[in-house]
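Data block below; observations after.
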(Lines give C-alpha, C1' and ligand atoms only; values in the text may rest on other atoms or scores of the structure.)
Protein backbone atom coordinates (compact mmCIF):
# COMPACT_ATOMS: atom_id res chain seq x y z
CA UNK A 1 0.00 0.00 0.00
CA UNK A 2 1.00 3.62 -0.36
CA UNK A 3 1.87 6.00 2.43
CA UNK A 4 -1.46 7.73 1.76
CA UNK A 5 -5.09 6.74 2.19
CA UNK A 6 -6.41 8.08 -1.13
CA UNK A 7 -5.16 9.30 -4.50
CA UNK A 8 -6.70 12.22 -6.40
CA UNK A 9 -5.98 12.63 -10.12
CA UNK A 10 -6.31 15.75 -12.17
CA UNK A 11 -7.45 14.64 -15.62
CA UNK A 12 -6.42 16.80 -18.58
CA UNK A 13 -2.66 16.63 -18.91
CA UNK A 14 -2.37 13.94 -16.23
CA UNK A 15 -4.35 11.00 -17.63
CA UNK A 16 -4.97 12.22 -21.21
CA UNK A 17 -3.00 14.46 -23.57
CA UNK A 18 -5.85 16.95 -23.93
CA UNK A 19 -3.82 19.94 -22.73
CA UNK A 20 -1.58 19.70 -25.79
CA UNK A 21 -4.53 19.03 -28.12
CA UNK A 22 -6.75 21.74 -26.68
CA UNK A 23 -4.08 24.41 -26.60
CA UNK A 24 -3.10 23.77 -30.21
CA UNK A 25 -6.74 24.23 -31.21
CA UNK A 26 -7.11 27.37 -29.11
CA UNK A 27 -3.94 28.91 -30.54
CA UNK A 28 -5.15 28.18 -34.07
CA UNK A 29 -8.54 29.75 -33.35
CA UNK A 30 -7.13 32.92 -31.76
CA UNK A 31 -4.58 33.34 -34.55
CA UNK A 32 -7.33 32.87 -37.13
CA UNK A 33 -9.39 35.76 -35.74
CA UNK A 34 -6.47 38.16 -35.71
CA UNK A 35 -4.68 37.51 -32.42
CA UNK A 36 -1.47 35.62 -33.30
CA UNK A 37 -0.95 33.14 -30.47
CA UNK A 38 1.27 30.09 -30.11
CA UNK A 39 0.32 26.89 -28.26
CA UNK A 40 3.08 27.70 -25.78
CA UNK A 41 1.39 31.03 -25.04
CA UNK A 42 -2.05 29.48 -24.59
CA UNK A 43 -0.60 26.88 -22.23
CA UNK A 44 1.15 29.55 -20.19
CA UNK A 45 -1.97 31.71 -19.90
CA UNK A 46 -4.96 29.37 -19.88
CA UNK A 47 -3.87 25.90 -18.80
CA UNK A 48 -5.98 24.54 -15.94
CA UNK A 49 -8.65 27.25 -16.11
CA UNK A 50 -12.33 26.53 -16.75
CA UNK A 51 -15.69 28.25 -16.89
CA UNK A 52 -15.82 31.96 -16.12
CA UNK A 53 -12.13 32.08 -15.21
CA UNK A 54 -11.15 30.67 -18.61
CA UNK A 55 -13.42 33.07 -20.48
CA UNK A 56 -12.13 36.04 -18.47
CA UNK A 57 -8.56 35.08 -19.34
CA UNK A 58 -9.45 34.90 -23.05
CA UNK A 59 -11.05 38.35 -22.88
CA UNK A 60 -7.97 39.74 -21.15
CA UNK A 61 -5.74 38.22 -23.83
CA UNK A 62 -7.66 39.71 -26.76
CA UNK A 63 -8.59 42.86 -24.82
CA UNK A 64 -12.22 42.52 -25.80
CA UNK A 65 -15.37 40.40 -25.50
CA UNK A 66 -15.53 36.71 -26.33
CA UNK A 67 -16.12 36.39 -30.11
CA UNK A 68 -19.65 35.24 -31.06
CA UNK A 69 -18.46 31.95 -32.56
CA UNK A 70 -15.98 31.07 -29.82
CA UNK A 71 -18.25 28.74 -27.85
CA UNK A 72 -19.51 26.94 -30.94
CA UNK A 73 -15.95 26.41 -32.17
CA UNK A 74 -14.93 24.99 -28.78
CA UNK A 75 -18.00 22.74 -28.64
CA UNK A 76 -17.29 21.37 -32.11
CA UNK A 77 -13.70 20.56 -31.15
CA UNK A 78 -14.83 18.96 -27.88
CA UNK A 79 -17.36 16.78 -29.69
CA UNK A 80 -14.70 15.67 -32.16
CA UNK A 81 -12.42 14.69 -29.28
CA UNK A 82 -15.22 12.90 -27.44
CA UNK A 83 -15.98 10.85 -30.54
CA UNK A 84 -12.40 10.07 -31.57
CA UNK A 85 -10.73 9.92 -28.15
CA UNK A 86 -7.44 11.43 -27.00
CA UNK A 87 -4.22 9.54 -26.32
CA UNK A 88 -3.22 8.78 -22.76
CA UNK A 89 -0.34 10.53 -21.07
CA UNK A 90 2.39 7.92 -21.40
CA UNK A 91 2.07 5.27 -18.70
CA UNK A 92 -1.19 6.60 -17.24
CA UNK A 93 -3.40 3.59 -18.02
CA UNK A 94 -0.91 1.04 -16.73
CA UNK A 95 -0.37 3.10 -13.58
CA UNK A 96 -4.07 3.28 -12.73
CA UNK A 97 -4.49 -0.43 -13.36
CA UNK A 98 -1.54 -1.17 -11.07
CA UNK A 99 -3.04 0.59 -8.05
CA UNK A 100 -3.95 -1.54 -5.03
CA UNK A 101 -7.56 -2.62 -5.46
CA UNK A 102 -8.71 -1.15 -2.18
CA UNK A 103 -7.01 2.24 -2.53
CA UNK A 104 -9.66 5.00 -2.79
CA UNK A 105 -9.18 7.23 -5.80
CA UNK A 106 -11.01 10.02 -7.61
CA UNK A 107 -10.70 12.31 -10.59
CA UNK A 108 -10.66 16.02 -9.71
CA UNK A 109 -10.90 18.04 -12.91
CA UNK A 110 -11.96 21.43 -14.21
CA UNK A 111 -13.66 19.53 -17.05
CA UNK A 112 -17.23 18.31 -16.90
CA UNK A 113 -18.15 14.77 -15.89
CA UNK A 114 -19.28 13.79 -19.41
CA UNK A 115 -15.82 14.66 -20.75
CA UNK A 116 -14.06 12.74 -17.97
CA UNK A 117 -16.27 9.66 -18.16
CA UNK A 118 -16.18 9.41 -21.96
CA UNK A 119 -12.41 9.59 -22.14
CA UNK A 120 -12.02 7.11 -19.29
CA UNK A 121 -14.19 4.76 -21.37
CA UNK A 122 -11.85 5.26 -24.34
CA UNK A 123 -8.90 4.30 -22.10
CA UNK A 124 -10.71 1.35 -20.53
CA UNK A 125 -10.47 2.99 -17.09
CA UNK A 126 -14.08 3.98 -16.41
CA UNK A 127 -14.65 1.28 -13.79
CA UNK A 128 -11.41 2.12 -11.98
CA UNK A 129 -12.95 5.31 -10.53
CA UNK A 130 -16.57 4.27 -10.04
CA UNK A 131 -18.75 7.25 -9.13
CA UNK A 132 -15.82 9.37 -7.99
CA UNK A 133 -15.55 11.77 -10.94
CA UNK A 134 -15.62 15.33 -9.66
CA UNK A 135 -15.80 18.49 -11.73
CA UNK A 136 -14.88 22.00 -10.70
CA UNK A 137 -17.57 23.19 -13.11
CA UNK A 138 -20.30 21.00 -11.59
CA UNK A 139 -19.58 20.06 -8.00
CA UNK A 140 -18.22 23.17 -6.31
CA UNK A 141 -18.87 26.90 -6.51
CA UNK A 142 -15.20 27.83 -6.70
CA UNK A 143 -13.12 25.73 -9.08
CA UNK A 144 -9.36 25.65 -9.41
CA UNK A 145 -7.19 27.44 -8.27
CA UNK A 146 -9.38 27.30 -5.15
CA UNK A 147 -8.83 24.15 -3.05
CA UNK A 148 -12.56 23.40 -2.84
CA UNK A 149 -12.69 20.59 -5.40
CA UNK A 150 -9.95 18.58 -3.67
CA UNK A 151 -11.60 19.02 -0.29
CA UNK A 152 -14.93 17.95 -1.79
CA UNK A 153 -13.44 14.80 -3.33
CA UNK A 154 -11.64 13.84 -0.10
CA UNK A 155 -14.90 14.21 1.81
CA UNK A 156 -16.73 12.03 -0.72
CA UNK A 157 -14.02 9.38 -0.38
CA UNK A 158 -14.22 9.61 3.40
CA UNK A 159 -10.52 10.41 3.72
CA UNK A 160 -8.90 13.38 5.48
CA UNK A 161 -7.29 15.68 2.95
CA UNK A 162 -3.91 15.47 4.68
CA UNK A 163 -3.99 11.71 4.04
CA UNK A 164 -4.51 12.25 0.29
CA UNK A 165 -1.94 12.55 -2.48
CA UNK A 166 -2.86 14.67 -5.50
CA UNK A 167 -1.34 14.39 -8.99
CA UNK A 168 -1.49 17.72 -10.85
CA UNK A 169 0.18 19.11 -13.94
CA UNK A 170 -0.94 22.72 -14.28
CA UNK A 171 0.13 25.71 -12.19
CA UNK A 172 -3.55 26.57 -11.64
CA UNK A 173 -4.30 23.07 -10.36
CA UNK A 174 -1.12 22.85 -8.32
CA UNK A 175 -2.01 26.11 -6.58
CA UNK A 176 -5.33 24.73 -5.40
CA UNK A 177 -3.88 21.35 -4.54
CA UNK A 178 -1.14 22.85 -2.38
CA UNK A 179 -3.69 25.09 -0.64
CA UNK A 180 -5.83 22.05 0.21
CA UNK A 181 -3.20 20.62 2.56
CA UNK A 182 -2.69 17.37 0.65
CA UNK A 183 0.62 15.91 -0.51
CA UNK A 184 1.01 17.19 -4.06
CA UNK A 185 2.94 15.58 -6.90
CA UNK A 186 3.61 17.78 -9.91
CA UNK A 187 3.55 15.55 -12.98
CA UNK A 188 5.50 16.76 -16.02
CA UNK A 189 4.98 13.72 -18.25
CA UNK A 190 2.53 15.33 -20.69
CA UNK A 191 3.45 16.57 -24.14
CA UNK A 192 2.47 20.10 -23.09
CA UNK A 193 5.14 20.32 -20.37
CA UNK A 194 8.12 22.50 -21.30
CA UNK A 195 11.58 21.75 -19.86
CA UNK A 196 11.08 24.31 -17.07
CA UNK A 197 7.59 23.11 -16.14
CA UNK A 198 8.77 21.26 -13.07
CA UNK A 199 10.45 24.43 -11.81
CA UNK A 200 7.16 26.32 -12.16
CA UNK A 201 5.39 23.68 -10.08
CA UNK A 202 8.15 23.62 -7.46
CA UNK A 203 7.83 27.40 -7.11
CA UNK A 204 4.14 26.94 -6.30
CA UNK A 205 5.04 24.53 -3.51
CA UNK A 206 4.35 21.00 -4.73
CA UNK A 207 5.92 18.35 -2.51
CA UNK A 208 7.52 16.40 -5.36
CA UNK A 209 7.91 16.51 -9.13
CA UNK A 210 7.64 13.37 -11.26
CA UNK A 211 8.81 13.10 -14.84
CA UNK A 212 6.73 9.98 -15.49
CA UNK A 213 4.39 7.54 -13.78
CA UNK A 214 7.24 5.27 -12.70
CA UNK A 215 8.51 8.17 -10.62
CA UNK A 216 4.98 8.74 -9.27
CA UNK A 217 4.92 5.11 -8.13
CA UNK A 218 8.29 5.51 -6.43
CA UNK A 219 7.18 8.67 -4.63
CA UNK A 220 4.04 6.92 -3.40
CA UNK A 221 5.98 3.77 -2.45
CA UNK A 222 3.78 1.60 -4.64
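The values are calculated or read from the model by the stated rules, or taken from the named source; none is laboratory data. This structure is a prediction, so every number in the text was calculated from the model and none was measured. Every residue, glycine as well, gets a Cβ built from its backbone with ideal geometry; the counts of neighbours run over all protein chains shown.
Pull up the stretch 94-117, narrow it to residues that are more than 20 Å from residue 136 (Cβ to Cβ) and out of contact with any strand residue (DSSP E or B) (no Cβ under 7 Å at 6 or more places or on another chain), then point me to the one that is surrounded by the most Cβ atoms within 10 Å (Cβ to Cβ).
95
For residue 5, which of the numbered conditions (1) under 30 Å from residue 157 (Cβ atoms); (2) buried (at least 20 other Cβ atoms within 10 Å of the Cβ); (3) touching a helix residue (DSSP H, G or I) at 6+ places or on another chain (Cβ under 8 Å) fails to hold?
Here residue 5 meets the rest and fails (2).
Among the residues of the stretch 3-19, count how many are in a loop (DSSP other than H, G, I, E, B), at pLDDT 90 or above and farther than 19 Å from residue 83 by Cβ.
5
Rundown of residues vs (1) in contact with a helix residue (DSSP H, G or I) (Cβ under 6 Å, 6 or more places away or on another chain); (2) closer than 23 Å to residue 193 by Cα; (3) in a loop (DSSP other than H, G, I, E, B); (4) at pLDDT below 95, yes/no style:
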site	(1), (2), (3), (4)
95	yes, yes, no, no
100	no, no, yes, yes
107	yes, yes, no, no
115	no, yes, no, no
119	no, yes, no, no
131	no, no, yes, no
146	yes, yes, yes, no
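As an exercise: evaluate residue 22 against (1) in contact with a strand residue (DSSP E or B) (Cβ under 9 Å, 6 or more places away or on another chain); (2) within 30 Å of residue 160 (Cα to Cα); (3) assigned to a helix (DSSP H, G or I) and give the number of the one condition it does not meet.
Here residue 22 meets the rest and fails (2).
Of 13, 91, which residue is touching a residue at least 60 places away in the same chain (Cβ under 8 Å) and surrounded by 22 or more Cβ atoms within 10 Å (Cβ to Cβ)?
13
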